[in-house]
Amino acid sequence: MTLESSPVDAAGLTRLHARLILDAEAADLLDVAYRIVDTPVGPLLLAATPAGLVRVAYAAEDHEAVLARLAADISPRILAAPARLDDAARQLDEYFRGARTAFDLPLDLRLARGFRRQVITHLPRIGYGRTASYAEVAAVAGSPRAVRAVGTACARNPLPVVLPCHRVVRSDGDLGRYVGGVDAKRALLRLEAAA
């Protein structure tokens, strides 16, 4: 019997991991907690600091690479600690069931700076089930000529779905690109349109 297939050993590892989470939090050593949730648009990695949700990542972004980037940008003290993300996971589940139209979560926006931050903080103002063009978002963000910069800000949005960059489309109505892929963007827009 191997360690992986033994229910006793697996249970012991689960208890050890739970103890590690408690001890790390008690000693203020858990800078970034994460978990992965299954959604209709694929598995999403959720990461939070004590200040709030800091990252939502699609599988296409390579979750391991995202965690490595968080370790470099925020802190190497990262641990799978799902409980810190229970509220975010619950709100995402409600959103995907059509029972939530906006998120009410503390957010840690340290991964977005300058104009990118201006853009992503505007995104929740685009109403649920509605879209805005990159040009419209650029104008609202105070830089009407910065259409490409809005596209870059949306592409680098650290909190897709929660800060709804999927609602930003091209002026001609084309969906444009999306960090989770065009199919995910289409699915999110359909979900919201159906409500």
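The alpha carbons of the stretch 48-195 stretch over 44, 33, 25 Å along the principal axes, in descending order.
Mind checking the alpha-carbon convex hull of the stretch 115-177 and giving the volume per residue in Å³?
70 Å³
Between the beta carbons of residue 183 and residue 68, assuming R0 = 25 Å, the FRET efficiency works out to 0.45 to the nearest 0.05.
Per-residue extension of 0.36 nm, minus the Cα-Cα distance of residue 75 and residue 100, leaves a gain of 5.8 nm for this segment.
In this simple spin-label model, placing a label point 7 Å from the Cα along the Cα-to-Cβ direction at both residue 87 and residue 36 gives a separation of 2.6 nm.
For the stretch 42-56, backbone phi angles converted through the Karplus equation (6.51, -1.76, 1.60; θ = phi - 60°) give residue-by-residue couplings of x, x, 10, 8, 10, 10, 9, 9, x, 7, x, 4, 10, 7, 10 Hz, Gly and Pro being listed as x.
Taken together, the values in this text are just the output of simple stated rules run on the coordinates, not laboratory data. It should be emphasised that the depicted structure is a prediction, and the values quoted were computed from it without experimental measurement. Please note: Cβ atoms are built from the backbone with ideal geometry, for glycine as well, and neighbour counts cover all protein chains shown.
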